[in-house]
Amino acid sequence: MNNIKIIYDTMNDLPENIDGKYDIDMLPTTIIFQGKEYKAGVDIDNDEFYKLLRDNKEIPTTSQVTYMTFKETFEKYVKEGKKVLYMAGSSKGSGTYQSAMLAKNDIESDDIYIFDTYSLCIGGGLLVLEAAKMVEEGLDIDTIIKKLEEYKDKVQVYFSVDSLDYLYKGGRISGTKAAVGSLLNIKPILNVKDGLVVQKSQVRGKKQIFTSLVNSLVEKYGDDLTDRIIFLGCGDNKEDLETLRETLLKHAKVKNVYDVNIGCVICSHSGPGVIGISCM
């Protein structure tokens with residue numbers, strides 16, 4: 001039996017049934033909303049959070065996983081004789097990775113490994129799933145990390161948002177760009193690149209989003225995606241996810257497709273009407 005324990009944070013999102021299938025733990029980021037603090041995925045579930053976003057004009061803020069949380073978690077599993085593999089959301093997107101490194105350096109153990117996914121949301125989730133599968137196959141920790149380093153540059157994440165308000169309120173775009181974009185019904189096609197969210201292109205109207213997201217993958221890999229894992233993610237807009245799936249099936253051959261309910265941390269910045277696709 002493999003003695004590797006995988007830990008990830010809520011900057012990365014996984015299909016709901018994956019946590020129960022593999023020996024992995026999630027460390028929740030803190031969401032601060034209307035003066036209250038919530039542990040993402042613990043104190044509040046996704047549906048409750050989406051409703052809060054819809055019912056209120058203000059947007060929440062997020063706080064990284066703390067040094068003490070990492071230290072206590074790492075020490076717990078090391079004492080159990082585990083090798084700990086923590087898979088962080090992009091170090092460029094949060095200070096969580098640095099907190100984990102500080103905790104690791106303060107523990108006298110060679111059994112703690114920190115891996116920067118350099119990705120977010122369903123992109124990081126893909127890497128967590130790959131790591132879990134390798135642990136189940138019995139690969140040793142050094143081999144797993146070596147393969148993850150190879151994989152992380154091959155993960156593609158494309159997504160879009162229904163409203164530009166959250167990007168504007170979060171300081172991601174200017175008020176002018178948000179106003180003009182909303183007026184002209186412009187939807188950004190966003191990409192996670194080099195650990196950060198960047199704009200790849202834009203389309204006019206919501207219907208164009210789905211084709212653009214799928215075409216982004218097809219242009220990269222071709223239309224035969226049967227040997228690849230694909231994550232489809234959404235917030236509370238599950239009808240959009242079904243439309244994205246139909247578009248994917250129309251334009252590509254696929255086999256391994258997982259649905260992901262995008263969590264509180266990402267939706268704090270994107271809004272609940274987010275839709276995305278990721279492939280490795």
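Here are the numbers for the structure shown:
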{"read-out": "Tally, over region 235-271, of residues that are open to solvent by less than 10 Å² (accessible area, probe 1.4 Å) and assigned to a strand (DSSP E or B)", "value": "1"}
{"read-out": "Residue list for region 191-208, restricted to those being touching a residue at least 60 places away in the same chain (Cβ under 8 Å) and part of a strand (DSSP E or B)", "value": "Val192, Leu196, Val197"}
{"read-out": "Boolean, Glu108 is at pLDDT below 95, open to solvent by 20 Å² or more (accessible area, probe 1.4 Å) and more than 27 Å from Ser278 (Cβ to Cβ)", "value": "yes"}
{"read-out": "Residue within region 216-226 that is among the small types (Gly, Ala, Ser) and in a helix (DSSP H, G or I) present", "value": "yes"}
{"read-out": "Criterion violated by Asp142 - all others in (1) more than 17 Å from Gly41 (Cβ to Cβ); (2) in a loop (DSSP other than H, G, I, E, B) satisfied", "value": "(2)"}
{"read-out": "Residue within region 219-234 that is more than 30 Å from Thr30 (Cα to Cα) and surrounded by 20 or more Cβ atoms within 10 Å (Cβ to Cβ) present", "value": "yes"}
{"read-out": "Unique residue being open to solvent by 30 Å² or more (accessible area, probe 1.4 Å) and assigned to a loop (DSSP other than H, G, I, E, B) when the list is Val65, Val42, Val78", "value": "Val42"}
{"read-out": "Filter pass, Glu136 being at pLDDT 95 or above and part of a helix (DSSP H, G or I)", "value": "no"}
{"read-out": "Top-ranked residue of region 156-201 - restricted to ones that are closer than 17 Å to Lys57 by Cα and open to solvent by less than 30 Å² (accessible area, probe 1.4 Å), ranked as modelled with the highest pLDDT", "value": "Val161"}
{"read-out": "Of residues in region 202-225 being more than 21 Å from the chain's Cα centre (by Cα) and under 14 Å from Asp162 (Cα atoms), the one modelled with the highest pLDDT", "value": "Gln208"}
{"read-out": "Qualifying positions in region 28-67 - of a type in the set (Phe, Trp, Tyr) and within 20 Å of Val274 (Cα to Cα)", "value": "Phe33, Phe49, Tyr50"}
{"read-out": "Residue within region 118-126 that is open to solvent by less than 30 Å² (accessible area, probe 1.4 Å), within 20 Å of the chain's Cα centre (by Cα) and aromatic (Phe, Trp, Tyr) present", "value": "no"}
{"read-out": "Subset of region 183-216 [small (Gly, Ala, Ser) and farther than 20 Å from Met11 by Cβ]", "value": "Ser201, Gly205, Ser212, Ser216"}
{"read-out": "All positions within region 81-112 that are in a loop (DSSP other than H, G, I, E, B) and not acidic (Asp, Glu)", "value": "Gly81, Lys82, Gly89, Ser90, Ser91, Lys92, Gly93, Ser94, Gly95, Ile107, Ser109"}
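So that you can scan it fast, the table gives a plain yes or no per residue for (1) in a loop (DSSP other than H, G, I, E, B); (2) open to solvent by 10 Å² or more (accessible area, probe 1.4 Å); (3) among the hydrophobic types (A, V, I, L, M, F, W, C):
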{"residue": "Ile7", "(1), (2), (3)": "no, no, yes"}
{"residue": "Pro15", "(1), (2), (3)": "yes, no, no"}
{"residue": "Ile32", "(1), (2), (3)": "no, yes, yes"}
{"residue": "Glu37", "(1), (2), (3)": "no, yes, no"}
{"residue": "Glu48", "(1), (2), (3)": "no, yes, no"}
{"residue": "Leu53", "(1), (2), (3)": "no, no, yes"}
{"residue": "Glu58", "(1), (2), (3)": "yes, yes, no"}
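The values are calculated or read from the model by the stated rules, or taken from the named source; none is laboratory data. Note that the coordinates shown come from a computational prediction; the quantities given were computed from them, not determined experimentally. Cβ: placed from backbone, ideal geometry, glycine included. Neighbour counts: every protein chain shown. The area values use the complete protein model at the heavy-atom level, side chains included, leaving out ligands, DNA and RNA. Shrake-Rupley method; radii C 1.70, N 1.55, O 1.52, S 1.80 Å.
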